[in-house]
Structures are given as C-alpha cells and as structure tokens.
Amino acid sequence: MTEAASVLILQVSREENRRCQGRTLADIAAERGTDPIETAMDLIASDRSRVGTASDAIRKMSGLPAQTLQLKDRGLLREGYFADVVVFDPAAVADLATFARPHQLSAGVSEVIVNGTVTLSGGEFTGRLAGRALAGPGARR
C-alpha cells in the first residue's frame, strides 16, 4: 500500500470538494491523473476559505482551545500560568513525519518549553517529559 492509499479525506469545506470526502488521496489522484502530492496541495489550496495571520494561527492553537475547554491557567503567557512555549522560524517550519516514519521532529522548531521545563533545545530533544493529561469540564471524575 502506498502512503497516499492510506490518506483518507475526512472533511472538506467547499461544496465542489465534497465528492472527495471518504475517499483516499491515491484514488482522487488517479481519477485526476495527477501525482498524490500535487492532488493534496490542490485540495488544500482550493478548500482554504481564508488565510489568517500568524497571530490568528497562534491564538487558534493556544488561547482559544484553552478558553473553549475551560482550562484554567493555560493558553496565555501570564504570570502564574503553566508555561508552554514553542520558538520557531515561520519560514523554516515543516512537518517531517510520514506514515512510514511518524515520530519525526518538525524542522524549524528550535526550543519547546512544556510546563516550564525545556523539552527541546537547539532543535534536539532533551529527554525531559513535562506534559500531563488535562481534563476539561466534561470529564468524568
């Protein structure tokens, strides 16, 4: 099985792409007569309803989920909050993981601090694990 055959398109935003839902990337690429990578990029580009700023993206990955899930003392850089920080170069960030090698560190990320503990330094894993499971208001206790 190729990697593209194991990529299933679960959801799209635009009506013209709805016929791709529930199908594999390999199937869609074969139908279009294009390379799977080109097909994926075309789908992403055509389905994107708007492109936000870096500030919007950071908020959507930090403060907004913490607020939505009612996680106290998280999602913002404030005194007394749990410090989760990622230092990255926006021009160099790239996901290096593949289906064959899923546990690869991303390129362009130099430092990661989780709960105040440095877990990635100089782009290298420090061996320190500081994360913990969080439970929101809907969790069974």
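The values are calculated or read from the model by the stated rules, or taken from the named source; none is laboratory data. Please read all numbers here as calculations on a predicted model, not as lab measurements. Methodologically, a virtual Cβ is constructed for each residue, glycine included, from the backbone with ideal geometry; neighbour enumeration extends over all protein chains shown.
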Have a look at R74, R128 and point out the one that is charged (D, E, K, R), more than 30 Å from V7 (Cα to Cα) and either touching a strand residue (DSSP E or B) at 6+ places or on another chain (Cβ under 7 Å) or in a helix (DSSP H, G or I) (or both). R128
Pull out all pairs, ordered by first then second residue, where Cβ-Cβ is under 8 Å, the residues are six or more apart or on different chains, the first lies in the stretch 65-77 and is more than 10 Å from P137 (Cα to Cα), and the second is part of a loop (DSSP other than H, G, I, E, B) and charged (D, E, K, R). A66/R74; R74/D84
Among the residues of the stretch 62-93, which ones are among the small types (G, A, S), surrounded by fewer than 10 Cβ atoms within 10 Å (Cβ to Cβ) and at pLDDT below 90? A91
Mind checking whether some residue in the stretch 107-124 is within 21 Å of S55 (Cβ to Cβ) and in a loop (DSSP other than H, G, I, E, B)? yes
Of (1) more than 24 Å from L10 (Cα to Cα); (2) surrounded by 11 or more Cβ atoms within 10 Å (Cβ to Cβ); (3) without any contact (Cβ under 8 Å) to a residue 24 or more places away in the chain, T24 satisfies every one except (1)
Only one of (1) of a type outside the set (S, T, Y); (2) within 20 Å of G63 (Cβ to Cβ); (3) part of a strand (DSSP E or B) fails for P90. Which number is that? (3)
When the residues of the stretch 103-112 are narrowed to those that are over 13 Å from the mean Cα position of the chain (by Cα) and either closer than 22 Å to S6 by Cβ or of a type in the set (V, I, T) (or both), which ends up surrounded by the most Cβ atoms within 10 Å (Cβ to Cβ)? V112
Between A5, A45, which is farther than 30 Å from G116 by Cα, in a helix (DSSP H, G or I) and touching a residue at least 12 places away in the same chain (Cβ under 8 Å)? A5
